[in-house]
Amino acid sequence: MATLNDVAKKANVSKMTVSRVINHPEQVTDELKTLVIQAMKELNYRPNTAAKALVNNRTLVIKFFILEKMSTTEPYYMNLLTGIAKGLEAEQYSLQLVTQNNFDIGLCDGYIMTGVRQKDYEWISRATKPVVLFGENDRGYDFIDTDNKQGVSAATQHVLDLGYEKVVYIGIDINEKFEKSRESGYKEVMEKNHKETTAFHFKNHSSLSSQFIEENWHLFEPNTAFVCSSDRLALGIERGILKMNGSIPNDYGIVGHDGVFLDQIAYPRLTTMRQPVVEMGEACAKMILKKIAENGKSQGNLVFESTLVERESTRKKS
């Protein structure tokens with residue numbers, strides 16, 4: 001196995017120069033970097049990751065905070081974790097999962113956080129390491145998310161194009177930026193099509209949206225579609241309609257939002273706006289690592305478009 005000394009001899013430079021190319025490339029000329037990198041490739045030399053981390057005062061650990069009170073086995077989070085792990089593995093970083101807002105559990109180089117709510121920002125402001133949020137926010141924190149407005153806009157326009165006369169929005173009862181963006185997408189499309197808006201909000205539990213339909217069935221005439229802020233709420237709407245003997249999709253249409261597992265186990269299967277959650281998780285990892293490398297420099301935000309997946313909960317295009 002090639003050593004640092006072997007690389008130095010091959011490139012005809014000192015061991016100190018090789019070490020600088022590996023640990024502090026900004027201190028070395030492009031010419032020297034080229035010589036050393038070429039020698040490393042020819043010798044198939046791989047720097048000792050642990051030693052490099054020690055030199056750069058790194059732990060090679062990223063903490064992932066799930067602040068929403070939901071199970072970490074939730075399919076959505078499993079997909080997100082897969083993406084984050086994939087992005088970190090490329091740089092030989094480890095991932096530590098944390099489910100409580102506590103910065104004092106072990107050392108790390110940075111934080112990725114999801115499920116952040118308004119009450120959490122005061123605590124987050126005390127972070128001494130770089131932070132990236134998974135989720136849209138209006139507090140200036142770097143974030144990764146889908147284009148929430150675009151997703152619900154597309155869902156709303158889709159059911160109108162299918163001929164549903166009335167479109168009802170079923171939102172999450174929460175005062176957060178992502179939910180406001182989703183509802184604004186619905187309202188904008190409805191107003192553009194000169195349609196009346198109707199919205200109801202619940203905590204993100206299918207039992208609540210199902211119960212609502214059962215108790216208020218008289219409000220919803222046939223030829224109504226429900227555009228939902230989550231697949232979980234959409235699942236409840238579907239169950240409620242079926243319990244009241246409503247016909248899906250002929251008389252009632254349903255579109256969810258997320259596209260992670262629940263849309264597939266529903267019956268009829270849900271039409272939904274699918275978020276590329278694995279890819280978004282990988283983007284979170286890349287963003288936090290870049291932010292660490294750049295000493296906490298702001299990275300801005302990156303949004304992904306969700307895509308419409310048509311299934312049996314909405315009519316087919318004629």
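The values are calculated or read from the model by the stated rules, or taken from the named source; none is laboratory data. Just so it is clear, the structure is predicted and the values come from calculations on it, not from any experiment. Neighbour counts are summed over all protein chains in view; Cβ atoms, including those assigned to glycine, are modelled from backbone coordinates with ideal geometry. For accessibility, only protein heavy atoms count, side chains too; no ligands or nucleic acids. Shrake-Rupley method; radii C 1.70, N 1.55, O 1.52, S 1.80 Å.
Consider segment 88-134 and keep the residues that are in contact with a helix residue (DSSP H, G or I) (Cβ under 6 Å, 6 or more places away or on another chain) and buried (at least 16 other Cβ atoms within 10 Å of the Cβ). The one that is farthest from Thr59 (Cα to Cα) is Phe134. Scan segment 187-207 and tell me whether some residue there is in contact (Cβ under 8 Å) with a residue 12 or more places away in the chain, more than 15 Å from Thr156 (Cβ to Cβ) and among the hydroxyl-bearing types (Ser, Thr, Tyr). Yes, some residue in segment 187-207 is in contact (Cβ under 8 Å) with a residue 12 or more places away in the chain, more than 15 Å from Thr156 (Cβ to Cβ) and among the hydroxyl-bearing types (Ser, Thr, Tyr).
If you go through segment 9-22 and keep only what is modelled with pLDDT under 90 and either open to solvent by less than 20 Å² (accessible area, probe 1.4 Å) or basic (Lys, Arg) (or both), you end up with Lys15, Val18, Arg20, Val21. Regarding Lys316, is this residue closer than 30 Å to Pro25 by Cβ and assigned to a loop (DSSP other than H, G, I, E, B)? For Lys316, the condition - closer than 30 Å to Pro25 by Cβ and assigned to a loop (DSSP other than H, G, I, E, B) - is not met.
Screening Gln275 on (1) of a type outside the set (Lys, Arg); (2) more than 29 Å from His158 (Cα to Cα); (3) touching a helix residue (DSSP H, G or I) at 6+ places or on another chain (Cβ under 8 Å) shows it passes everything except condition (2). Listed here are the strands (runs of 3 or more DSSP E) enclosed by segment 125-228 that have at least 1 residues being closer than 26 Å to Glu312 by Cβ: 143-146, 166-172, 198-202, 224-228.
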